[in-house]
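Encoded as structure tokens, the structure appears first; notes follow it.
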There are 2 protein chains.
Amino acid sequence: MKVKVVRRILEANEKIAEENRRLFKEKGIFTINLMSGPGAGKTSLLVRTIEALKDKVSIGVVEGDITGTDDAERINALDVPVVQINTEGACHLDANMIREALDEIPLNDIRLLFIENVGNLVCPAEFNVGEDMKAMVLSISEGDDKPLKYPLMFQESGALIINKTDLLPHTDVDMEKIRRNALSLNSGLKIFKISCRTGAGLPDWTNYLTTLLAT
Amino acid sequence: MKVKVVRRILEANEKIAEENRRLFKEKGIFTINLMSGPGAGKTSLLVRTIEALKDKVSIGVVEGDITGTDDAERINALDVPVVQINTEGACHLDANMIREALDEIPLNDIRLLFIENVGNLVCPAEFNVGEDMKAMVLSISEGDDKPLKYPLMFQESGALIINKTDLLPHTDVDMEKIRRNALSLNSGLKIFKISCRTGAGLPDWTNYLTTLLAT
């Protein structure tokens with residue numbers, strides 16, 4: 001019974017995701033659904049990415065949070081269009097939330113749209129929102145056992161951004177184990193090792209994005 | 001429509017949670033539902049807690065993970081009874097999963113039962129499993145904005161264990177902000193500052209547990 005209900009919700013979601021996808025295509029917008037557990041650094045990554053690219057690419061952001069507008073305010077300070085979704089308890093964004101948020105953002109002026117999902121390493125990976133690509137952030141301090149324990153997000157993502165590498169010397173984390181296990185789940189995964197705090201590794205990520213948009 | 005479905009699931013869960021609660025009471029077991037985001041250190045905290053208390057208190061553990069048995073193996077190495085639940089995709093434990101797991105654990109020999117939930121700062125807080133108390137772990141490296149962004153778990157928990165305090169000098173995190181905002185959501189919350197890596201602060205937590213069990 002429960003499974004049937006879940007399937008119906010997923011099917012309804014997929015239909016709306018398809019409509020969002022058509023709209024993005026029509027407007028020439030490349031959309032990245034950015035996911036992670038809580039506090040891995042999604043917003044910090046967006047801030048760094050916008051700082052690096054905003055003179056070359058027109059960027060927009062949809063912020064998803066259970067409550068509050070902290071993240072949208074951080075993005076707004078960079079002078080790019082942003083809209084905040086408050087899910088009011090829901091643990092992930094779905095396609096309908098995105099559809100409604102799109103009314104609040106100037107789609108004609110955007111080439112690259114980031115959708116920052118709710119901080120949750122599980123549920124967001126189950127819901128397409130019409131994105132061209134899913135990307136995920138994993139913080140070093142979450143430990144090297146995460147790929148095998150939370151496989152779906154690693155399987156669904158096109159890029160894995162490993163953040164907080166500056167903390168590596170202060171932990172027992174095995175970076176190579178993260179890489180190996182993530183690739184065992186998804187051999188096509190692009191992996192970036194960065195520190196939003198120090199800026200290390202960020203050019204690899206922003207160059208990758210620039211190349212993606214050029215193709 | 002969706003809301004109704006969710007409510008029905010929660011009601012059905014609450015009924016089974018109540019049965020679990022009766023069983024725990026009958027057996028004289030104090031049960032703690034231990035929650036956190038991914039990689040905050042729930043299993044490390046259990047390992048440290050068991051090492052400190054197992055000669056004084058008979059402890060049992062129910063491990064919840066989406067997949068795999070890594071955590072149960074870490075607990076098993078300490079020679080306490082443990083059972084692993086694999087939720088196979090589900091983002092939280094529910095009361096029925098616990099009921100089924102209880103058949104696999106020697107309830108007559110246990111005084112303190114830990115239920116380690118799936119690593120998720122959102123969904124587990126919505127589902128009672130029959131516990132006497134919810135406790136949550138927050139890792140310093142998740143940032144000081146978490147209480148206000150993920151309020152429900154802070155509101156539902158009786159204890160907040162702030163872990164990885166050894167990383168504090170290497171971050172920009174404001175510990176006092178975490179404390180202040182967590183207490184603004186739940187003034188009765190007991191807060192412990194620990195490092196499972198160094199052992200700092202752990203006696204405060206284990207003494208607290210000993211006192212809880214004595215009353």
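Here are a few things to note about the model shown:
- Label point 7 Å beyond Cα along the C-beta direction, distances from A:A12 to other copies (nm, shortest first): 1.7
- Of the trypsin sites (Lys or Arg not before Pro) found in the stretch B:2-86, those that fall in a DSSP loop while having at most 13 other beta-carbon atoms within 10 Å are B:K56.
- Largest-first principal axis extents of the Cα set of the stretch A:18-214 (Å): 46, 33, 32
- Under a Gaussian network description of chain B, with springs only between Cα atoms under 10 Å, the residue in B:L185, B:L34, B:L93 that fluctuates furthest is B:L185.
- Paramagnetic label reach from A:A77 (point 7 Å along Cα→Cβ; backbone nitrogen cut-off under 14 Å): within the stretch B:116-159, residues B:145.
- In chain B, the beta-carbon sitting nearest the axis that superposes B on A belongs to the residue given here with its distance in angstrom, B:S141, 2.
- Stokes-Einstein D for the stretch B:1-112, Kirkwood Rh over Cα pairs, 25 °C, 0.890 mPa s (µm²/s): 162
- Equivalent ellipsoid semi-axes, the protein assembly as shown, via Cα gyration tensor eigenvalues times 5, rooted, Å: 37, 24, 19
- Distance between modelled label sites at B:K177 and A:Q155, nm, 7 Å Cα→Cβ extension: 3.7
- Unit charges at the beta carbon, dipole of chain A: most positive-side option, A:G89, A:T165, A:Q155: A:Q155
- Unsatisfied cross-links (Cα-Cα over 25 Å) in the set A:K134/B:K42; B:K56/B:K134; A:K15/A:K146; A:K25/A:K134: A:K134/B:K42; A:K15/A:K146
- The stretch A:9-96: GluC sites (Glu not before Pro) falling in loop per DSSP and having at most 10 other Cβ within 10 Å: A:E88
- Each other copy places its own label point for B:T69 at 5.1 nm from this one, sorted shortest first, where the point lies 7 Å along the Cα-to-beta carbon line.
- Around the amide H of B:K134, modelled in the peptide plane, lie the amide H atoms of B:N33, B:G158, all under 5 Å away and 5 or more residues distant in sequence or on another chain.
- Residue with peak Gaussian network fluctuation, chain A [Cα springs, cutoff 10 Å], from A:L121, A:L152, A:L138: A:L152
- Where both bridge residues fall in chain A, DSSP classifies roughly 0% of the beta bridges as antiparallel.
- In this assembly, the A-B interface accounts for approximately 2800 Å² of buried accessible surface in total, computed with a 1.4 Å probe and without ligands, DNA or RNA.
- Interface residues, the stretch B:143-166 - accessible area loss of 40 Å² or more versus chain alone, probe 1.4 Å: B:K149, B:Y150
- Working note: 222 nm ellipticity from helices only, DSSP H runs with n ≥ 4, each -39,500 (n - 2.57), summed and divided by the residues of chain A, gives -12000 deg cm²/dmol to the nearest 500.
- In the assembled protein chains, B:D55 presents an accessible area of approximately 150 Å² (probe radius 1.4 Å).
- Counted charge near B:K149, where neighbours are those whose Cβ lies closer than 9 Å (Asp, Glu -1; Lys, Arg +1): -3
- Taking all Cα pairs closer than 8 Å and separated by 6 or more residues, the relative contact order of the stretch A:18-214 comes to 25 percent.
- Label distances, nm, A:L212 versus same residue in remaining copies, Cβ-directed 7 Å point: 4.3
- Taking only the alpha carbons of the stretch B:107-149, we obtain Rg and Dmax values of 13.4, 42 Å in that order.
- Over the stretch A:145-215, all Cα pairs binned in 5 Å intervals from 0 give whole-percent P(r) values of 3, 16, 23, 23, 21, 11, 2, 1, listed from short to long.
The values are calculated or read from the model by the stated rules, or taken from the named source; none is laboratory data. Owing to the predicted nature of the structure, the values given are computational and were not obtained by experimental measurement. All Cβ positions, glycine included, derive from the backbone under ideal geometry; neighbour counts span all protein chains shown. Remember, those area values only see protein heavy atoms, side chains included, never the ligands or the DNA or RNA. Shrake-Rupley method; radii C 1.70, N 1.55, O 1.52, S 1.80 Å.
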